[in-house]
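Coordinate-derived values only; no laboratory data. These numbers were taken from a predicted model, which means no experiment stands behind them. Don't worry about glycine lacking a Cβ; one is built from the backbone with ideal geometry, like all the others, and counts go over all protein chains shown.
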């Protein structure tokens, strides 16, 4: 936990972000940053819920819901605390405008999650990379994970996609509950089972056709052992 007593806004953020970055992987576990305002201490936390990033802001007994943006989380808690209509830029409050903080957070992180559009109707999040020798998977493998939000049977749903050692898997969540799991030998077949978004191939919906994904898979290190390694 990082406690700050300095009233110097940027200095406070820098100290906290550097402390939070040590021993933590920002991409996996999030960052906790504290901001002092008046007599209250605000703690901002980035997290993942059901494979979608979310944010929480807490101040003493007040705690926001899990929000889609840091701005929403921080603003809602601040407004409860001070009965104010003031709004905040969450990225600035968490210190992401400071190059030193960003540099510290990205130290020793070889992969950064990224987002891109598919056909201007899907925002696909890729937050894990794995490699295999399977050409039907575009050489992705176990560890590769992607997700997007779309309608399924007239209800908004989260589609979470991954690979096991032998199968392509799509899990569908509605109202924070896993409701369906589809699995088959390759992404195209599993999406044929699901039966929606048929204008795209399964490989496209998994994100495997995107140039950045191809590059990330190509750069992924695959652990191999030779006979000599065991001697």
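Points to keep in mind about this one:
- Summary of packing: across the peptides 108-120, 204-216, the per-residue average of other C-beta atoms within 10 Å ranks them, highest first, as 204-216, 108-120.
- Distance between segment 69-84 and segment 140-184 - C-alpha centres, whole angstrom: 32
- Label-point separation in nm, residue 97 to residue 114, each point 7 Å along Cα→Cβ: 2.7
- Inter-centroid distance (Cα atoms) of segment 87-111 relative to segment 186-220, Å: 30
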